[in-house]
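A short write-up of the structure that comes next.
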Amino acid sequence: MSDSSQSASDIVSMPNDATVLIVDDEQPITDAYAQWLEDDYNVRTAYSGSEALEKLDEEVDVVLLDRRMPNLSGEDVLARIHEQGLNCRVALVSAVEPDFDILELGFDAYLEKPVSEADELLETVETLLKRSTYDSQMQRFLSLANKKAALETKKSPEELDANDEYAQLTEELADLRTQLSDTAGTLDDDDLRAEFYDGE
């Protein structure tokens, strides 16, 4: 009896039991993010790419990953996450403006530094945790939609039109939108709604 009630409560409180790994070589930033999140989540911190790899395991649900770090960059850490088949969602956090090279990277959200609001960070983690419950096709759609949105805030329509990878991205999104149209309306995800209704 107690076992079944325990598992039910675990399901309800899943987001609060989630583990977030914060990776940034600037210690004050890492520590500030940790302070913002530690009341709601299990927080791990790493001050380098190599330390991040030591702290990564199956229990990590979300990684907030600085893109530019000495020795082992965020992109290197991202590649290792995929190589190891870890099922965590990743937000790249970077002072570098998103460029077309982000299209090759397997992340779920892109945050530009400085992230000065605790609410912005909490909302990002909450959204990514929600997405971890979606199937792989839906996760792919949202990852692509996030990249598209990041590029569109920084690139002119002319630059976008001239880029082949961006054209492929919009084409794949259109295909996925068609395949997912029945499911998408039932999901509570702002990015999802924005991408579906913008695309129609």
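The values are calculated or read from the model by the stated rules, or taken from the named source; none is laboratory data. This is a predicted model, so every value here is computed, not measured. Virtual Cβ from ideal backbone geometry, glycine too; neighbours counted across all protein chains shown. Heads up: the accessible areas ignore ligands, DNA and RNA and are worked out on the full protein's heavy atoms, side chains in. Shrake-Rupley method; radii C 1.70, N 1.55, O 1.52, S 1.80 Å.
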To the nearest 10 square angstrom, how much accessible area does Leu176 have with a 1.4 angstrom probe?
20 Å²
Leu86 paired with Asn71, simple spin-label distance in nm, labels 7 Å along Cα-to-beta-carbon:
1.6 nm
Given a 1.4 Å probe and heavy atoms of the protein chains only, how would you sort Asp175, Asp57, Asp39, largest accessible area at the top?
Asp39, Asp175, Asp57
Everything considered on the Cα gyration tensor (a ≥ b ≥ c; rounded for a/c under 1.5, else prolate if a/b is larger than b/c, else oblate), the range 32-138 must be described as rounded
In whole percent, and with a 1.4 Å probe on the protein chains, what portion of the accessible area of the range 66-121 is carbon and sulfur?
42 percent
Just the number please: accessible area per residue for the range 16-70, 1.4 Å probe, all protein chains included, in Å².
46 Å²
Checking the table Lys113/Lys148; Lys55/Lys130; Lys55/Lys148 against a 27 Å threshold on Cα-Cα, which pairs fail?
Lys55/Lys148
Go through the range 144-154 residue by residue and turn each phi into a ³J(HN,Hα) via Karplus (6.51, -1.76, 1.60, θ = phi - 60°); whole Hz please, and just put x for glycine and proline.
5, 4, 5, 4, 4, 5, 4, 5, 5, 7, 10
